[in-house]
Amino acid sequence: MEVGFIYHSFAYIYDRLMYDIDYSKWADYIENIFKVYNCKPSLLLDLGCGTGNFCIEMAKRGYDMIGVDISVDMLNCAKQKSEEHGLNILYLNQDMTDFELYGTVDAIVCLMDSINYVLYKKDIKRMLKLVKNYLNPGGLFIFDVNTPYKFEEVFGNNVFYDISDEITYIWQNYYNRRTKICEFELTFFVRDNEGYKKYDEVHYERCYDNNEIKGLIESSKLKLLNVYDELKLCPPPKKSQRNFYVCEANK
């Protein structure tokens, strides 16, 4: 199932479900990585930008932002919010594994486990080659992935739910250790003027271990600078649920 399709209805309730994500904290973290590697970018590309929250946060801090996403609905939400903030952000409706820009950029990010949504290595390889092609020399590519520990011990075959007056969801996971594919069956009940509206979504993520990720980076000719624990500047422990990778284009 195409990602663009599964995000059709989900796009309009995405922000209400992601209320606990501190985008300011994520932006602080990315800026800290820039400082560590003496990177002073002006133009940034956000692959899999969703409803634009990270783009908006970085644009407020003075960066020129480009957001790429396969979902038209996500981008409609992003554009509307950006205009409400008076921000001029370029949004492109493209597949992040096969994107095309008009020129190069200073840094690229791909956040919120967007890479796990890419189910085939060949597509990640193509994306990484494009990242290298569109990065200025010395530019950074920063991305995160959900770890094998998270897929096996947290997602697993577990059920999650949350009940509130505005929105209630039930989230059933099915993780296949052989294929490394996790299926998320999501059911939402969202309050509107007429009562509650029901949404059903099925999403898929693939688990990639550290050696697989490193191999993909190596094949792209990007230089792996470091691997960090979630929103930290230290090596990830065995039970880390999210790893960040920092790569550099050849100077």
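General remarks:
- Qualifying residue in the range 63-76 (condition: assigned to a helix (DSSP H, G or I), polar (S, T, N, Q) and crowded, with 21+ Cβ neighbours inside 10 Å): no
- Among strands (runs of 3 or more DSSP E) entirely within the range 150-193, having at least 1 residues that are among the aromatic types (Phe, Trp, Tyr), under 20 Å from residue 115 (Cα atoms) and not assigned by TED's automatic domain parsing to the domain that holds residue 112 singles out 167-176, 181-192.
- Residue 119 vs. criteria assigned by TED's automatic domain parsing to the domain that holds residue 19, surrounded by fewer than 21 Cβ atoms within 10 Å (Cβ to Cβ) and in a helix (DSSP H, G or I): no
- Residue list for the range 34-56, restricted to those being surrounded by 20 or more Cβ atoms within 10 Å (Cβ to Cβ), of a type outside the set (Phe, Trp, Tyr) and assigned to a helix (DSSP H, G or I): 53, 55, 56
- Taken as a whole, the structure leaves residue 170 outside the set of residues that are surrounded by 14 or more Cβ atoms within 10 Å (Cβ to Cβ), under 20 Å from the mean Cα position of the chain (by Cα) and not hydroxyl-bearing (Ser, Thr, Tyr).
- Being touching a helix residue (DSSP H, G or I) at 6+ places or on another chain (Cβ under 9 Å), surrounded by 15 or more Cβ atoms within 10 Å (Cβ to Cβ) and outside the structural domain of residue 127 (by TED's automatic domain parsing) is not true of residue 228.
- The residue that is farthest from residue 131 (Cα to Cα), counting only those in the range 189-201 that are at pLDDT 85 or above and surrounded by 14 or more Cβ atoms within 10 Å (Cβ to Cβ), is 189.
- Contact annotation: residue pairs with Cβ atoms under 6 Å, 6 or more positions apart or on different chains, pairing a residue in the range 228-251 that is closer than 12 Å to residue 33 by Cα with a partner that is part of a loop (DSSP other than H, G, I, E, B) and of a type outside the set (Gly, Ala, Ser), are 247/222.
- Index of the failed condition, residue 102 passing every other in (1) under 24 Å from residue 124 (Cβ atoms); (2) in contact (Cβ under 8 Å) with a residue 24 or more places away in the chain; (3) out of contact with any Cys (no Cβ under 9 Å at 6 or more places or on another chain): (2)
- When 184, 160 are screened for being in contact with a strand residue (DSSP E or B) (Cβ under 7 Å, 6 or more places away or on another chain), over 29 Å from residue 99 (Cα atoms) and surrounded by fewer than 21 Cβ atoms within 10 Å (Cβ to Cβ), only 160 passes.
- Within the range 29-43, residues that are touching a residue at least 12 places away in the same chain (Cβ under 8 Å) have Cβ atoms under 6 Å from residues that are in a loop (DSSP other than H, G, I, E, B) in these pairs: 29/231, counting only partners at least 6 apart in sequence or on another chain.
Okay, residues lined up against (1) more than 27 Å from residue 218 (Cβ to Cβ); (2) over 13 Å from the mean Cα position of the chain (by Cα); (3) at pLDDT below 95:
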{"position": "77", "(1), (2), (3)": "yes, yes, yes"}
{"position": "86", "(1), (2), (3)": "yes, yes, no"}
{"position": "109", "(1), (2), (3)": "no, no, no"}
{"position": "115", "(1), (2), (3)": "no, no, no"}
{"position": "118", "(1), (2), (3)": "no, no, no"}
{"position": "125", "(1), (2), (3)": "no, yes, no"}
{"position": "129", "(1), (2), (3)": "no, yes, no"}
{"position": "140", "(1), (2), (3)": "no, yes, no"}
{"position": "148", "(1), (2), (3)": "no, yes, no"}
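- Subset of the range 199-234 (residues that are among the hydroxyl-bearing types (Ser, Thr, Tyr) and part of a strand (DSSP E or B)): 199, 204, 228
- When 12, 7, 23, 19 are checked against the criterion of being hydroxyl-bearing (Ser, Thr, Tyr), at pLDDT 95 or above and either in the same structural domain as residue 91 (by TED's automatic domain parsing) or surrounded by fewer than 20 Cβ atoms within 10 Å (Cβ to Cβ) (or both), a single residue qualifies: 23.
- Qualifying residue in the range 67-74 (condition: over 21 Å from residue 208 (Cβ atoms) and either among the aromatic types (Phe, Trp, Tyr) or not assigned by TED's automatic domain parsing to the domain that holds residue 20 (or both)): no
The values are calculated or read from the model by the stated rules, or taken from the named source; none is laboratory data. All values derive from a computational prediction rather than experimental measurement. Neighbour counts run over all protein chains shown; Cβ positions are idealised from the backbone, glycine included.
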